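Okay, so here's the structure we're looking at.
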Amino acid sequence: MRHFQRHRQNARAALLARLGQFNVNDLTSRQAQMFSHLTLRELEDLSVIGQQKTTS
């Protein structure tokens with residue numbers, strides 16, 4: 001699951017930057033790559049990858 005955690009963190013930072021809630025200049029190179037190449041929907045999907053979804 002650690003592997004997915006890194007993807008989630010990178011995607012989450014890129015997603016927040018895309019939404020204007022995180023400074024683009026503070027992104028790592030991998031996060032910046034995700035920011036410029038992935039759609040908003042793809043970033044949303046990646047930001048939760050590997051997490052167990054629970055239903056109540």
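The values are calculated or read from the model by the stated rules, or taken from the named source; none is laboratory data. Every value quoted in this text rests on a predicted model; they were computed, and no experiment measured them. Neighbour counts run over all protein chains shown; Cβ positions are idealised from the backbone, glycine included. Side chains are part of the model used for accessible areas, which takes the heavy atoms of the whole protein and leaves out ligands, DNA and RNA. Shrake-Rupley method; radii C 1.70, N 1.55, O 1.52, S 1.80 Å.
For His3, the conditions (1) in a helix (DSSP H, G or I); (2) of a type outside the set (A, V, I, L, M, F, W, C); (3) open to solvent by less than 40 Å² (accessible area, probe 1.4 Å); (4) at pLDDT below 85 are fulfilled apart from (3).
Close Cβ contacts (under 6 Å, 6 or more residues apart or on different chains) running from residues in the stretch 1-28 that are within 19 Å of Leu40 (Cβ to Cβ) and free of Cβ contacts under 8 Å to residues at least 40 places away in the same chain to residues that are surrounded by fewer than 18 Cβ atoms within 10 Å (Cβ to Cβ) and among the charged types (D, E, K, R) comprise Asn10/Arg30. Being open to solvent by 80 Å² or more (accessible area, probe 1.4 Å), of a type in the set (A, V, I, L, M) and at pLDDT 85 or above holds for only one residue in Leu40, Leu27, Leu19, Leu46, and it is Leu19.
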